[in-house]
Amino acid sequence: MATLTLKGLKKVYDRHVVAVQGMDLEIRDKEFIVFVGPSGCGKSTTLRMIAGLERISEGELYIDGKLVNQLPSKDRDIAMVFQSYALYPHMTVYDNIAFGMKIRHASKEEIDRKVREAASILNITEFLNRKPKALSGGQRQRVAIGRAIVREPKVFLMDEPLSNLDAKLRNQMRAEILKLHQRIDTTFLYVTHDQTEAMTLGDRIVIMKDGFVQQIGTPSQVFDHPANTFVAGFIGAPQMNFLDAELIRQDGGYAVSVAGVCLPLTQEQNAALDAAGTPPQPITLGVRPEHLELCGPDEEGAVLHGTCDVFELMGSSIHIHVDCGGKPIVLVRLTAEPQESRNYYHGTPISFRLLSPLVHLFERSSGRNLLPVQN
């Protein structure tokens, strides 16, 4: 078990390419941390610095309170699982899992015990005598994880381990990784570009962009209270809708003017904006597709109008793509009746309501959330 502390961790390549921009992070013992972001954001580089596979350009890395910047990778008591599995094709599953223990001269009895324990945890006991080429992608990934388990490391590092699997296998392996974390009860650091993996696996999520940490929080925190427009658009599927709007003063409080309608804000939103001394200004209004409410064209309130562009039947829900005065908007409507999709075809008039408690207000220039981000 281990705690990790990252203080101003920075990685610079060729003296000018900054891959990670001064990361500060406290990771608790037995916590499951997920680094997520688009390709090139620095998440894998961070993991490799923690593993000792990349030199730390600036900052300090502590494992269980011990500074390990100069400590070789082999002495950090960390196990890493890669995207590519990195199995030896000429060895059996048993020998692949046992390889690291053999080169450390563990006894045959200890090797056999740990290999079979790991195989049992991962449900691959029946494959121990097979070669990797006789296994599916998911089975190979289990072998790679088994090779890490037998080391009994303080920290597990996983770098996009599911990206080579198909959608069904990814779903199965996500559940297996969660169960593995519960069974071996140690610290996990996991890298992915898939926000679904991040939301389902992480105790906390570290969202990165261009080497900078954008937000750190639990899945519910980053979903319900995104720090900026990047986080808001990256977390959630379909992604959040964004509309140009104006934050205005009205009847002694705040309201939002958007697409010709006025949306008064809640008492809590008014109190937060007042406390921050927020002036009226151009803003970006964010609202998630599932938080838009279909309504009749003549209903009262902040009702916007558009026409159906396309719809997608997703089984238990319908995704309606709306052209709202040239601005694309997506609505998600839950439905128990598939025939309801017949009501939506190209050009169908669509009216929908904005609900004050469910909107997000972002500063137009910086993209930061104008309402307090809860951590």
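Every read-out reported here was derived from the displayed coordinates using simple, explicitly stated rules and does not represent laboratory data. As the structure is a computational prediction, the values presented were derived from the model and not from experiment. Note: ideal-geometry Cβ built from the backbone for every residue, glycine included; neighbour counts use all protein chains shown.
At R0 = 35 Å, how high is the FRET efficiency between residue 57 and residue 200 if r is their beta carbon distance? Nearest 0.05 is fine. Before the final figure, lay out the partial values.
Numbers: r = 33 Å, r/R0 = 0.94.
After rounding, the FRET efficiency stands at 0.60.
Suppose only helical runs count, i.e. DSSP H with n ≥ 4. What mean residue ellipticity at 222 nm does that imply for the chain under -39500 (n - 2.57) per run, divided by all residues and rounded to the nearest 500 deg cm²/dmol?
Details: 9 runs with 94 residues, N = 375.
When only DSSP H runs of four or more count, the value is -7500 deg cm²/dmol.
Evaluate E = 1/(1 + (r/R0)^6) for residue 116 and residue 74, where r is the Cβ-Cβ distance and R0 equals 25 Å; express this FRET efficiency to the nearest 0.05.
Working: r = 25 Å, r/R0 = 1.00.
Efficiency, rounded to the nearest 0.05: 0.50.
Roughly what would the spin-label model give for residue 300 and residue 346, points 7 Å off Cα along C-beta, in nm?
Inter-label distance under the simple model: 3.9 nm.
How far apart, in nm, are two points set 7 Å out from the Cα along the Cα-to-Cβ line at residue 163 and at residue 220?
Spacing of the two 7 Å Cα→Cβ label points: 3.1 nm.
Mind listing the Cα extents of segment 115-216 along all three principal axes, in Å, largest one first?
Dimensions of segment 115-216 along the principal axes of its Cα atoms: 46, 29, 20 Å.
Say R0 is 30 Å: what FRET efficiency, to the nearest 0.05, do residue 64 and residue 171 get from their beta-carbon distance? Before the final figure, lay out the partial values.
Working: r = 34 Å, r/R0 = 1.14.
Step by step, r from the Cβ atoms, then E = 0.30.
Could I have the simple spin-label model distance between residue 313 and residue 136, label points 7 Å from Cα toward Cβ, reported in nm to one decimal?
2.9 nm
Which entries in 11/102; 10/102; 154/209; 168/209; 74/108; 7/30 show an alpha-carbon gap greater than 26 Å? Mind showing how you got there, number by number?
Values: 11/102 34 Å; 10/102 35 Å; 154/209 28 Å; 168/209 28 Å; 74/108 22 Å; 7/30 20 Å.
Where the Cα-Cα span goes over 26 Å, the pairs concerned are 11/102; 10/102; 154/209; 168/209.
How far is helix 137-149 tilted, in degrees, relative to the longest principal axis of the Cα atoms in the chain, given as a value from 0 to 90 rounded to the nearest 10?
On a 0 to 90 degree scale, this one is about 60.
Got the relative contact order for the chain handy, in percent, Cα pairs under 8 Å and 6 or more residues apart?
Working: 748 pairs, mean separation 57.8, N = 375.
Computed over the chain, the figure is 15 percent.
Please report the spacing between the Cα centers of segment 10-30 and segment 267-308 in Å, no decimals.
If we compute the Cα centre of each part, the gap is 37 Å.
What's the percent breakdown of Cα-Cα distances in segment 158-233 across 10 Å bins, shortest bin first?
The distribution over segment 158-233 is 17, 49, 30, 4, given as percents.
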